1. For PHE221, are the conditions met, namely being of a type in the set (Phe, Trp, Tyr) and farther than 18 Å from ILE285 by Cα?
2. Among the candidates SER49, SER17, SER45, single out the residue that is assigned to a helix (DSSP H, G or I), closer than 20 Å to TYR106 by Cα, in the same structural domain as TYR101 (by TED's automatic domain parsing) and at pLDDT 85 or above.
3. Got a sec? Which strands (runs of 3 or more DSSP E) wholly within the stretch 145-255 have at least 1 residues that are touching a Lys or Arg at 6+ places or on another chain (Cβ under 6 Å)?
4. Condition (residue is out of contact with any Ser or Thr (no Cβ under 7 Å at 6 or more places or on another chain), at pLDDT 75 or above and surrounded by fewer than 11 Cβ atoms within 10 Å (Cβ to Cβ)) applied to the stretch 69-86: is it met by at least one residue?
5. Return the residues of the stretch 166-200 that are among the basic types (Lys, Arg), at pLDDT 85 or above and farther than 21 Å from ILE314 by Cα; say none if nothing qualifies.
6. Hey, can you tell me all the residues within the stretch 194-236 that are more than 23 Å from PHE309 (Cβ to Cβ) and surrounded by 21 or more Cβ atoms within 10 Å (Cβ to Cβ)?
7. Being touching a residue at least 24 places away in the same chain (Cβ under 8 Å) and either of a type in the set (D, E, K, R) or touching a Ser or Thr at 6+ places or on another chain (Cβ under 6 Å) (or both) is the filter here, so list the residues in the stretch 6-55 that pass it.
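The values are calculated or read from the model by the stated rules, or taken from the named source; none is laboratory data. Remember, predicted model here, so these are calculated numbers, not experimental data. Here the Cβ positions follow ideal geometry from the backbone for every residue, glycine too, while neighbour counts run over all protein chains shown.
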Amino acid sequence: MSLFISAQTYIPYVFLSIFIWYICKIIPFGKFSAPVFIIFHFIISLLLSVVWLCLIYVPWFLAEGKQIFSTLTQGNYSATAIIGWQYIFGILIYFIIAGIYYTIIYYRQYKEKVFVEAEMKLLTRDAELRALKMQINPHFLFNSLNSINALVTKNPKLARKMIELLSDLFRISLDLKDKILLPLKNELEFAHKFLAIEKIRFSDRLIIHEDIDSSLLDKKFPALILQPLLENCIKHGITEKRGKCSIVMEIKPENSDRIQCLISNTGKNTITVNKIKHGTGLKNIQHRLRLLYDNNYMFFIDNAVSDKFTVKIIIPTG
């Protein structure tokens with residue numbers, strides 16, 4: 001049965017292997033259930049084995065006619081038996097090649113995942129340190145301590161409350177160390193501590209409206225995304241202008257498998273809008289979302305409404 005080891009016999013499969021690579025790329029592991037995955041590849045292997053035999057025998061038959069059947073007959077094996085065994089062997093070759101390709105694809109994805117996770121940890125740590133202004137940017141801590149100092153004699157109870165909030169903010173920040181995703185309720189806890197401190201600082205000048213869907217509280221959410229957005233709202237909506245600032249934070253389901261997060265503030269002007277849009281804060285958030293969700297997320301900035309700046313993020317719930 002020399003046809004099984006003849007090099008010319010397998011040349012067509014070299015070209016067919018390109019098609020197998022394409023199939024493996026568009027049908028990755030996990031896209032379908034295991035039975036569907038196996039049945040799909042089995043059907044493709046049957047078809048590809050037929051194509052392989054056609055590429056071998058059709059040109060030969062066109063060149064030599066029925067004489068090929070006598071050539072194929074070897075010893076006790078008929079031409080039909082040899083072709084049948086080759087058909088089965090073609091199916092086996094398909095699964096061997098597909099297995100090699102899936103191994104290569106899995107290895108590439110694994111290496112990419114390790115790289116992305118490492119970069120995400122660096123970016124998350126950067127966001128964490130950025131959120132802890134008392135370490136890399138003294139403004140938040142300085143302003144908070146200034147407010148505490150002013151309150152010590154006027155309102156000692158409120159001063160103690162602010163110190164307690166600062167302490168809690170440190171504690172939660174340490175708890176979030178190196179985390180990429182966390183339950184939304186934990187992300188909100190950190191944001192609420194931050195807003196509580198700012199509310200004490202600005203009192204009636206800062207108005208906060210919140211609408212959070214309770215069904216989302218246990219859903220996974222990117223760590224330290226809300227705080228820098230809220231900080232931008234306060235910085236550009238109230239500290240750089242006189243008067244009041246209204247902040248709206250809404251987190252609702254976009255559909256069955258996506259979350260919509262909307263944060264807006266009043267008090268913007270053309271200068272601050274351009275500063276926010278091109279600032280490192282929003283760029284950092286977009287970069288982290290891109291690494292975390294690839295292209296499966298949306299990030300919108302809207303300043304069309306007079307005296308209002310809005311950021312909207314839509315991410316998967318998984």
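1. When the stated conditions are applied, PHE221 does not pass them.
2. SER17
3. 181-183, 206-212
4. There is no residue in the stretch 69-86 that is out of contact with any Ser or Thr (no Cβ under 7 Å at 6 or more places or on another chain), at pLDDT 75 or above and surrounded by fewer than 11 Cβ atoms within 10 Å (Cβ to Cβ).
5. Answer for the stretch 166-200, where residues must be among the basic types (Lys, Arg), at pLDDT 85 or above and farther than 21 Å from ILE314 by Cα: LYS193, LYS199.
6. The one that is more than 23 Å from PHE309 (Cβ to Cβ) and surrounded by 21 or more Cβ atoms within 10 Å (Cβ to Cβ): ALA223.
7. The one that is touching a residue at least 24 places away in the same chain (Cβ under 8 Å) and either of a type in the set (D, E, K, R) or touching a Ser or Thr at 6+ places or on another chain (Cβ under 6 Å) (or both): LYS25.
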